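The values are calculated or read from the model by the stated rules, or taken from the named source; none is laboratory data. In this text, all values refer to a predicted model and were calculated from it rather than measured experimentally. Note: ideal-geometry Cβ built from the backbone for every residue, glycine included; neighbour counts use all protein chains shown. Protein only, heavy atoms only, side chains kept; ligands, DNA and RNA dropped before computing areas. Shrake-Rupley method; radii C 1.70, N 1.55, O 1.52, S 1.80 Å.
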Amino acid sequence: MPLTSMLITATTLRNITKRNTTPTTRSLIVTTRPNHSSSVRGHRPETEISSAFSFLQFQFVAPSIKILAMADEEDPRYPIGKFRAPAENTEAIRAAQIETLRLLPERLRAAVAGLNDSQLDTPYRDGGWTVRQVVHHFADSHANSYVRFKLALTEDWPTIKPYDEAAWARLPDSKQAIEPSLVLITGLHQRMVALLESMSEGDFGRGFSHPERGRVTLATNLAIYDWHSRHHTAHITLLRARKGW
């Protein structure tokens, strides 16, 4: 089947990721097979390109997407921008966010596929976590989030306990092989998605009290972890792009 090619400027990339910064003009080529089924479950083939751009940081996942170059980022800590709560909380928005969580395990596994120990122990930026630590952080953070969902659904605005994520990332288990965390994330997300899909409109209005952030609704917590999934996967895939891995 013939390939269709498009030239996308860095300005377009900034618009896609909603970064309110002045772009550095570079370009990327995206090739896609028309009518090829999208790797993003629930999207029609004709929306494949826009769907792929929504998850551009997962360029190693969709075989029909090939990124040849990409825009520079001014701040490598936030490759898709800092978290901003959606202006609206609708069923359609939540469905898209839940889909991100459903697809995270396979996207994360694809993002780290083929990396050797030396590459896994490479920081995604100067002074940042290694790829290995990022993978283990996913397991730590999303396990905490899952517990917070369940606490909020079974108690009246419980006060949750934060954790020191940087200290957790320095513990010995965050220096071990990543496969146990990848397996944990797969099972965890199956349960998390099942829970989220069972929730009513009113359930998403429930929440918990964070000692530092105040009251957080479950709708906001879902939005945070949609962003968090894409945020840290982008750290890995952009590092691979820079290094040519």
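Here region 134-181 has 57 percent of its accessible surface on carbon and sulfur atoms, given a 1.4 Å probe and all protein chains in place. The value obtained for region 87-245, namely the Cα convex hull volume divided by the number of residues, is 123 Å³ per residue. If the viscosity is 0.692 mPa s and the temperature 37 °C, what translational diffusion coefficient in µm²/s does Stokes-Einstein give for region 65-170 when Rh comes from Kirkwood over Cα pairs? Answer from the Stokes-Einstein relation: 195 µm²/s. Accessible area per residue (1.4 Å probe, heavy atoms of protein chains only) ranks K150, K243 as K243, K150, with the largest value leading.
Sparsely packed loop sites in region 124-175 (the chymotrypsin sites (Phe, Trp or Tyr not before Pro) outside DSSP H, G, I, E and B with at most 15 other Cβ atoms within 10 Å) comprise Y163. Sparsely packed loop sites in region 174-243 (the GluC sites (Glu not before Pro) outside DSSP H, G, I, E and B with at most 11 other Cβ atoms within 10 Å) comprise E201, E212. Ordered from largest to smallest accessible area (heavy atoms of protein chains, 1.4 Å probe), the residues T220, T154, T100, T122 come out as T154, T220, T122, T100.
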